[in-house]
Amino acid sequence: MDIDGVLADAAHRQWHLDGPTRDWVGFFEAADGDALLAHHAELVRCLDPGLQVVLLTARPFGLREVTMAWIEQHGLRWDLLALRGPGQDMMHSVHFKRQALAVLRAFGFTPVFALEDDPRIVEMYAGESLPCVYVHSGYYG
């Protein structure tokens, strides 16, 4: 599951990414103010309890504590949180998530589907034979 645009409503901080120069620092620093997308969180709660819920986000590792607090605040179901690691901040999100998916599989995880709002990542998951439910966040074109 992705977080931004899928479980977290990041609409209030999208303005940081408008214009010719994107302010990724400002965008991520405002993440603690995200509202919960409750209908998507309810979908996660309804999943088979035997499934492991992996939150795979392109947020930088520096947002780990903020993200963990947000998850706890909203009582989200999760088993593993995967964020960008040191040195991956500038890696394109498609490449990061493809690499993270490969690592998850190498460690014995067998993903059965994903929830994602970025059409480029939905396409990547299809290429990796992972079914994906597209969630329209309105953040992409």
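Some notes on this structure:
- For the range 36-79, residues that are free of Cβ contacts under 8 Å to residues at least 24 places away in the same chain and under 14 Å from the mean Cα position of the chain (by Cα) total 3.
- Among the residues of the range 93-111, those identified as in a loop (DSSP other than H, G, I, E, B) and surrounded by fewer than 11 Cβ atoms within 10 Å (Cβ to Cβ) are Phe107, Gly108, Thr110.
- Residue within the range 92-113 that is closer than 21 Å to Ala10 by Cβ and in contact (Cβ under 8 Å) with a residue 60 or more places away in the chain present: no
- Condition check for Ala82: farther than 19 Å from Ala35 by Cβ, in a strand (DSSP E or B) and either among the small types (Gly, Ala, Ser) or free of Cβ contacts under 8 Å to residues at least 12 places away in the same chain (or both): yes
- When Trp15, Trp70 are screened for being aromatic (Phe, Trp, Tyr), part of a helix (DSSP H, G or I) and either under 23 Å from Gln99 (Cβ atoms) or at pLDDT 95 or above (or both), only Trp70 passes.
- Reported count of residues in the range 46-83, each being surrounded by 12 or more Cβ atoms within 10 Å (Cβ to Cβ), among the charged types (D, E, K, R) and more than 21 Å from His16 (Cα to Cα), is 1.
- Residue match in the range 48-57 (condition: of a type outside the set (D, E, K, R), assigned to a loop (DSSP other than H, G, I, E, B) and at positive phi): no
- Of the criteria (1) in a helix (DSSP H, G or I); (2) over 20 Å from Asp9 (Cα atoms); (3) touching a strand residue (DSSP E or B) at 6+ places or on another chain (Cβ under 6 Å), which one Met124 fails: (3)
- Arg22 vs. criteria outside any helix (DSSP H, G or I) and either closer than 21 Å to Ala126 by Cα or of a type outside the set (Gly, Ala, Ser) (or both): yes
- Given (1) within 16 Å of Phe27 (Cβ to Cβ); (2) modelled with pLDDT of 95 or more; (3) among the acidic types (Asp, Glu), index of the condition Asp89 fails: (2)
The values are calculated or read from the model by the stated rules, or taken from the named source; none is laboratory data. Just so we're clear, the structure is a prediction, and the values are computed from it rather than from any experiment. In this analysis, Cβ positions are derived from the backbone assuming ideal geometry, glycine residues included, and neighbour counts consider all displayed protein chains.
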